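Below is one structure, written out as structure tokens, with a few remarks after it.
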Amino acid sequence: MPSPDIVSHAEWLIAHKALLEKEKALTRAHDALAAERRRQPWERVERRYVFENPAGQTDLEGLFEGRSQLIVYHHMLKQDDPSPCQGCCMFTDNVGNMVHLNQRDTTLAFVARAPVDQIEALKARMGWTLPFYSSRDSFGSDFGVEGGFGINVFLRRDGAIYHTYFTTGRGAETLGTAWTFLDLTPYGRQETWEVSPEGTPQTPPYQWWRRHDEYESVAGKAEHCCG
């Protein structure tokens, strides 16, 4: 591999500043795209779907776990799969602590076409504790997933469920933090700096953040923790 130019500190700072300006422009472009995503139309989910885990069967509403927003990752694990998808497993490994998502009224759940016992075996092997359901009807194909993987987002409001977003392929590669997942949802990060539709729940930035073991024990607003 050829080495790049070796320069003085002053020259390095000039090159770094030029790159940083491009990075900040990309961040602002991502923010604008997330704002546009929050204004995309929704489709009402009319069909009933069945999901199963060791606790029994539930429907799509059950996956929300009582929250308003749901992000579903369609894992490619199939029945009697001798080699679970490496990409799906790597994605799952990169998911952070979901308690932060939950604090923004959002649930992340995984589904696969494999039976429950085989999903549980993979979870035990990989050390995963996240919600993971067997989904063996048309749920995947009805929402853009035909034998591969994908991410769908749903909103629960006024007794109805709406499908709001779908992505697959490289659209999943940059996800993993609470912030990147929230950017996919109709409510976003729910912080006051965001450009969102009127009526979107929002609070000042940083104030909802906690250490993951303190969300239940801390009452009231958190102090700004980041300077």
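The numbers here are math on the coordinates, done by the rules we state, and not lab data. Predicted, not measured: the structure shown is a model, and the values here were computed from it. Note that we place each Cβ from the backbone using ideal geometry, even for glycine, and neighbour counts take in every protein chain shown.
Observations
- GluC sites (Glu not before Pro) restricted to segment 117-211 and DSSP loop, no more than 10 other C-beta within 10 Å: Glu146, Glu198
- For Val50, residues with placed amide H under 5 Å, excluding near neighbours: Asp137
- Nonlocal amide H pairs with Thr107, under 5 Å, H built at 1.01 Å: Gln69, Leu70, Ile71
- Residue with peak Gaussian network fluctuation, the chain [Cα springs, cutoff 10 Å], from Thr180, Thr203, Thr167: Thr203
- Orientation-averaged projected area, Cα convex hull of the chain (nm²): 16.9
- Applying both filters, DSSP loop and at most 10 other Cβ atoms within 10 Å, to the GluC sites (Glu not before Pro) of segment 1-104 gives Glu46.
- Taking every DSSP bridge with both residues inside segment 41-182, close to 70 percent are antiparallel.
- Sites Val195 and Tyr215 - FRET efficiency at Förster radius 22 Å, r taken between beta-carbons, to 0.05: 0.20
- Here the dipole of segment 41-182 is about 220 debye; that uses its Cα centre as origin and unit charges on the Cβ of Lys and Arg (positive) and Asp and Glu (negative).
- Proximal aspartates and glutamates to Lys78, defined as alpha-carbon separation beneath 15 angstrom and excluding residues fewer than eight positions away on the same chain: Glu52, Asp117, Glu120, Asp137, Glu146
- Estimated at 0.36 nm per residue, the fully extended path between Ala18 and Glu46 surpasses their Cα-Cα distance by 5.0 nm.
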